[in-house]
Amino acid sequence: MTLLKTVQNVELAHLKMQNKKLTVFIIAGEVSGDVLGARIMAQMPNVQFIGIGGENMIGAGLKSLFPMSDLAVMGAIEVLAHAKTLTQRIKQTVTAIIDTKPDIVLTIDSPGFAKSVIKQIRKNPAGRDLIANGLKFHHVVAPQVWAWRPGRAKKYARTFDKLYAFFDFEIPYFTKYGLETVAVGHPIADAVLGRYKAPRGKAEKIITLVPGSRMSEVKRLLPIFRDVVDMLYRNGYMGYQFIIPTVETTAEYVRAETAKWRVRPTLVPSGQRYDIYAKTYIAIVASGTVSAELAMLHIPTIVVYQMNPITTWLVRQMIHVKWVSLVNILLNRGVYPEFLGPAATAENVLGAVQQLTIPSVREKMIAELKTADELWRRPDGAAAQIIATEIEKSL
C-alpha cells in the first residue's frame, strides 16, 4: 500500500468518526430520574439516546426498552418479590447495551439495577471488548454514605467511572477511592427554587397528598392518607380540597382506591404538580424527592413513611442520621415533622396538620425552609447542563 493510500485511509476513518453520532445508553428507574434524564437529553441534541425511561424521557425522544415501572421497586422484601422480573430486565438491558455499543452508559439513581447490569457487562466477553474500546459508566445521584453504609463508596468506585453528586460535601467520600466525582447541585432546584411562594392565607384550602411513586409505598400509605382525610373532615375541615398528583407507575391503582373514599380527592397528572404545590396550604407526603421539592417551594409539609417491618428493622440497624427528609438533614434540625414506621398513624398526622394551621407555627416553618435555599443549587449552572457538559468531555 502506498503512503498516499495510507494517508487517504486515515483521513477517511477520521471523517467517519467526525460524522458518527455519539450514543448514550441512559437508564432511569423512577419518576425523579426520568425528569432529570429528559433535561439531560434536551442539553445534548446531537447525541443519540437509547435506554429505559418514563413519560418525560419518552417525550424527549427516547424509545424505552421496557416500562420504567418494572424498576420502581424499593425495600429488601419488595425487591425479592419482583426478583424474576428484575432478573429478566437485567438480561434484556445487558443484551441491548452490547448490541448497540454505546459510548457511555448513564444510569440515574436505581443503583441496584445499575450495578447488576454493569456487573453482567463486565463478565460478558463482548462487554469486556466494549470496555476495552472505551465504554464508560457514569452514574447520577451519589448514595448517602454519610448517612448509612459508608462501605458503598468503595463499591461505587469499583463499578463506575464517574459519579455526579448533588452536594460538595459528598465528594470526598468517593474521591478517596479514586472515583471521579462532580457536584452538580440538586436538579430539582433548577426548575422550582425561587419560582413560587407558599400561600400566606388558606383561601384555596388545598391539602396535597403524595403517597409516593412506587407501588409498594403507595399501597402502604394510601390507607393512612384516607384515614387522615376522614378524620379531618370529621374534625371540621370540610372546606378543604384534597388533591393527589399521580405518576404513571401507580395512577390506575390510586384512581381505583380513592374511588372508594368517603371524601374523594381530586387526581391530577404528575406534570401539573408544581402548579398544585404552589397553591398548597399543607402537604402530606411520602419520604423522598417530593419533600425536597416542597422544601424548595417553602410549602409546609408533613413526611410519612412505612415499609415492610423487616425492611424497617434493617434500615434502623444501619442508618446514622436522625431524619430522612433531605431538608432536615441539610439543616440538621427537624423542620419537617416526620412520622416513620409505627409512628406513621392518621392520629399523628392529624395532630401535625392542626399545628400547621396555626399562623405562627406555619410562618416559622416557612422561614426555616428559606434558610436552606443556598444549599440546593450551584452557582455555575443547572444540574442537567453540568452533567451534559461532563459527559461530552468524556466522549
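The values are calculated or read from the model by the stated rules, or taken from the named source; none is laboratory data. In this text the structure is predicted, and so the values were computed from the model without any measurement. Cβ atoms come from the backbone with ideal geometry, glycine included; neighbour counts cover every protein chain shown.
Is it true that residue 53 is small (Gly, Ala, Ser) and modelled with pLDDT under 95? Here the answer is no, as residue 53 does not meet what is asked.
Quickly run through the stretch 277-289 and pick out the residues that are assigned to a helix (DSSP H, G or I) and within 15 Å of residue 335 (Cα to Cα). Of everything in the stretch 277-289, nothing turns out to be assigned to a helix (DSSP H, G or I) and within 15 Å of residue 335 (Cα to Cα).
Answer yes if at least one residue in the stretch 227-242 is small (Gly, Ala, Ser), more than 20 Å from residue 68 (Cβ to Cβ) and modelled with pLDDT under 90, and no otherwise. Yes, the stretch 227-242 contains a residue that is small (Gly, Ala, Ser), more than 20 Å from residue 68 (Cβ to Cβ) and modelled with pLDDT under 90. Residue-level check: of (1) at pLDDT below 90; (2) in a loop (DSSP other than H, G, I, E, B); (3) under 19 Å from residue 102 (Cβ atoms), residue 18 misses just (2). For the stretch 193-204, the criterion of being modelled with pLDDT of 90 or more and surrounded by fewer than 17 Cβ atoms within 10 Å (Cβ to Cβ) is met by none of the residues. Considering the stretch 377-395, and only residues there that are among the basic types (Lys, Arg) and assigned to a loop (DSSP other than H, G, I, E, B), the residue that is surrounded by the fewest Cβ atoms within 10 Å (Cβ to Cβ) turns out to be 378.
Residue check: is residue 258 farther than 26 Å from residue 369 by Cβ, hydroxyl-bearing (Ser, Thr, Tyr) and either touching a strand residue (DSSP E or B) at 6+ places or on another chain (Cβ under 8 Å) or at pLDDT 90 or above (or both)? Yes. Taken over the stretch 86-104, the criterion of being β-branched (Val, Ile, Thr), under 19 Å from residue 159 (Cβ atoms) and assigned to a helix (DSSP H, G or I) is satisfied by 87, 90, 93, 94, 97, 98.
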